[in-house]
1. Which pairs do you get when a residue that is at pLDDT below 70, found in region 140-157, comes within reach of a residue that is hydroxyl-bearing (Ser, Thr, Tyr), reach meaning Cβ atoms under 7 angstrom, with the pair 6+ apart or on two chains?
2. Out of Lys64, Lys81, Lys60, Lys46, report the one residue that is at pLDDT 90 or above, within 37 Å of the chain's Cα centre (by Cα) and not β-branched (Val, Ile, Thr).
3. Could you run through region 14-44 and say how many residues are of a type in the set (A, V, I, L, M, F, W, C) and loosely packed, with under 11 Cβ neighbours inside 10 Å?
Amino acid sequence: MITPVEIQNKAFKSGSFGYDKKDVDNFMQQILENYEELYREKMEMKDRINVLNEGLQYYKTIEKTLQKALVLAERTAEETKGNAVKNAQVIEQEAVSKANVILQDARRELEQIRRQATELVRQYDMYKAKFKSLAAAQAELLDSQSFSIRLEELSMFEASTDSVEIPAGVYHDTSAEKMKENPLNSLEDEDIEIINLEE
């Protein structure tokens, strides 16, 4: 491309019927000014294009970096998600195992408590039956002939005490008087026989 300096230094040959030098110089001056302006604008545009290309290249580099970072982030997110799922599964399995152990311990303890309760109820029923048997035997004993006391039988003791002479001042028996009040008061502890039903 012709530069403004080349246009300015351009020299034309003059002939016998050549152009008017003044008109050619004026026209060349206009062309030079217009061309200088166009050339300057072209250079400015070229510089701007270079700057824009550099900026575009910079942004393309950033875009590539962002794309790589995005791919890396996606891969990392997938790996993190996979690890989280694996960890969650491991935690869940451990929790299930612990829950099963706790449940088995609770079942064993419940079974032990059930056995103890069953044994206690069995012992209670056995003691209850023994006490019932003992109470029935005691009631039967109280209803037996051994514990039957009649007033008619006590009358013979009254008759015998009247016929026996007791020396004065030696012994005074008040058992007859006590028997009149309550016949059982005259009985001593050794006169009552205790029967053990468990023997």
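The values are calculated or read from the model by the stated rules, or taken from the named source; none is laboratory data. Values in this document were obtained by computation on a predicted structure and should not be read as measured data. Because the Cβ atoms are built from the backbone with ideal geometry, glycine has one as well, and the counts that use them run over all protein chains shown.
1. So the pair list comes out empty.
2. Values: Lys64 fails: within 37 Å of the chain's Cα centre (by Cα); Lys60 fails: within 37 Å of the chain's Cα centre (by Cα); Lys46 fails: within 37 Å of the chain's Cα centre (by Cα).
Selected residue: Lys81, the only one of Lys64, Lys81, Lys60, Lys46 that is at pLDDT 90 or above, within 37 Å of the chain's Cα centre (by Cα) and not β-branched (Val, Ile, Thr).
3. Within region 14-44, the subset of a type in the set (A, V, I, L, M, F, W, C) is 17, 24, 27-28, 31-32, 38, 43.
This time we only want the ones that are loosely packed, with under 11 Cβ neighbours inside 10 Å, so: 17, 43.
Residues flagged as of a type in the set (A, V, I, L, M, F, W, C) and loosely packed, with under 11 Cβ neighbours inside 10 Å within region 14-44 amount to 2.
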